[in-house]
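What follows is a short report on a single structure.
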Amino acid sequence: MIDRTPVSQTVARQLQNMIRSGELPASERLPSQRLLSERLGVSRPSLREALMTLETLGLIRTFPGRGTFVANPDEQPSAKATHWRYSDDFGMSDVFEVRLLLEARL
């Protein structure tokens, strides 16, 4: 069976593991999107979508003009809290499709 997991979800999981393992330490600024996409071997759009997912989960925070940082451990949700309560009804692709529609109107 072919794995049809979107690249952005795979990247989000990789980054989440890197944060939880301490490879990307709390309060530290993430490398640039160019460097991070090269390091992970993915396109920048896939990386950006993964970063949006992690920001939604509260694992990273983006500050305009300063960059993207790993959230402090006391600000991060527990591993159990990362399960979205609507996941039985809606997939991540549904969420991002709605976000794209709504954000395009801004």
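Values for this structure:
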item: ³J(HN,Hα) computed for each position of the stretch 59-68 - Karplus, 6.51 cos²θ - 1.76 cosθ + 1.60, integer Hz, glycine/proline x; result: 8, 9, 9, 10, 10, x, x, 10, x, 10
item: Fully extended contour minus Cα-Cα distance, from residue 34 to residue 7, at 0.36 nm per residue; result: 8.1 nm
item: Label-point separation, residue 57 to residue 102 (7 Å along Cα→Cβ), nm; result: 2.0
item: Listed residues 56, 68, 62 arranged by accessible area, highest first, probe 1.4 Å; result: 56, 62, 68
item: Computed FRET value (nearest 0.05) for residue 23 with residue 95, which takes r as the C-beta separation and R₀ as 35 Å; result: 0.85
item: Amide H contacts under 5 Å for residue 60, placed H, 5+ residues apart; result: 55, 71
item: Accessible surface ranking that places the most exposed of 18, 92 first, with a 1.4 angstrom probe; result: 92, 18
item: Per-residue HN-Hα couplings for the stretch 94-103 [Karplus 6.51, -1.76, 1.60; θ = phi - 60°; Hz; x = Gly/Pro]; result: 5, 4, 5, 5, 5, 4, 4, 5, 5, 6
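The values are calculated or read from the model by the stated rules, or taken from the named source; none is laboratory data. Computed from a prediction, not measured in an experiment: that's the story for all the values here. All Cβ positions, even for glycine, are placed from backbone atoms using ideal geometry, and neighbour counts span all protein chains on display. In case anyone asks, the SASA skips ligands and DNA or RNA and just uses the protein heavy atoms, side chains included. Shrake-Rupley method; radii C 1.70, N 1.55, O 1.52, S 1.80 Å.
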